[in-house]
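To start, the structure itself, in structure tokens.
Please treat every number below as a calculation from the coordinates, not as lab data. Worth saying up front: this structure is predicted, and the values here are computed from it rather than measured.
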Amino acid sequence: MRAGRPRIGDRATSDVVVRLRTPEGRDEWLYCHSAVLAAGSTYFAERLSDDWPTCQILGSRYCVEVYCQELDLSSHVNALRLLYAAEPCSRFGVRGALGVLQAAVHLGCAQIAAACVGYLESSPWDEADEEEILRIVPPLGRTGPARELKSAAQEQLEYMLTEDDDAPLLALDNDGVKSQVKDCVSGLLSRFSDFLTSILSNQKEPPFGGGDGELRQELHSLICDISWVCQVLSKLEMMKFLVLYWVGVSSDVVQAVEAVCTGFDCLKTRLKVVEVSAKVLEAIAFGNIVLATEKRCHAVNVWIGFAGRTKSFVDQADRADDDSIETEKVNLDNEVWQVLESAFVSIVLTLPSNSQAEILSQWLQSKHVKYPDLTEAFEAWCYRSKVAKRRFSFLSHMDRVS
């Protein structure tokens, strides 16, 4: 017990009652202390503030009601007890720590959630525990601690797929592994498509609830997951699966991002979109993925404009002196911009001459002509057009004779 801290359940010193309620009608009353609750929980800090209308019961005490599911009741009790004591999360085991993590996220107990994540990252998982983690953690993806846990899991999987002096822990040519990966990626892309549809349909309520901030967070989280999936698919030589999807939804992605991320807002999200597009276009330009001409032309038309606008935002942010923009001064590695530019040039050069002329004409008239730089493609088109005109000049001669 921390020295000098009051004890939970001490009615003599308690100034607030926490009433845990479930849909089944079960109640749990805990006598607590407002100073402890407000210091460790953003939920209680808000509920106990002067700005929140509260109900006074038991004389001068406040009463704060917290609603939770029946199965989560004990986890909420444990989370409240942890606000009073420095008890290690390991005492609860993997399943218990997951329950406390959910309750901590619900109540905004950042330190407790971080302690749960630290324990889960270092503890051994069996198959049943792993299934439980995969069931519980994704819905918490918008929270910091849950993102850390997901990031740790992604790093572990990347390590298992990495070829070095030792053999990778997962066989890259294993059909079972590829089938599982394809199913998981299909689920992710399905959720992303639903999310895009919700944005583009202009529903009154944003997807997954919440306001514009939550909408942006969800978009960023999904794009980050797709970016990470690119790495896994590349190692498993399964990029074609994502390439076909991304090219098909390119217009919807741009339209949704432009609607949610205006101006300097969400620059990190825009850059993540550019990162995914660079990997997709690189696979088309330099990989073994063959797409029909109209699909290659469509992909180039969509992403040249988006990349140019995003690069312009980055350059403006770098030049800006406004403190409000300072926090958004982020960028991609120069290699990513170079790879994307090279992919644009390579794909344009594979298109029919009239398609090249249309794309290059739009590029020359764009205010974002500095990036991407398609000068190489333009010079090649000029040379080929001149040579072709000279070689096929006999056709115009035949027309005059006829």
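Where a ≥ b ≥ c are the square roots of the eigenvalues of the C-alpha gyration tensor, would you call region 16-125 rounded, which needs a/c under 1.5, or, failing that, prolate if a/b is larger than b/c, or oblate? Here region 16-125 falls in the prolate category.
Taking the DSSP beta bridges with both ends in region 16-125, the antiparallel portion is around 60 percent.
A straight chain from Ala114 to Val369 at 0.36 nm per residue would run longer than the Cα-Cα distance by 87.2 nm.
Which entries of Lys272/Lys367; Lys295/Lys370; Lys279/Lys311; Lys272/Lys311 have Cα-Cα distances beyond 21 Å here? Each step should come with its number before you reach the end.
Numbers: Lys272/Lys367 23 Å; Lys295/Lys370 25 Å; Lys279/Lys311 17 Å; Lys272/Lys311 12 Å.
Distance filter (> 21 Å) returns Lys272/Lys367; Lys295/Lys370.
Taking a ≥ b ≥ c as the square roots of the Cα gyration tensor eigenvalues, with a/c under 1.5 meaning rounded and otherwise prolate when a/b beats b/c, else oblate, which class fits region 225-264? It is oblate, given that a/c is not under 1.5 and a/b is not larger than b/c.
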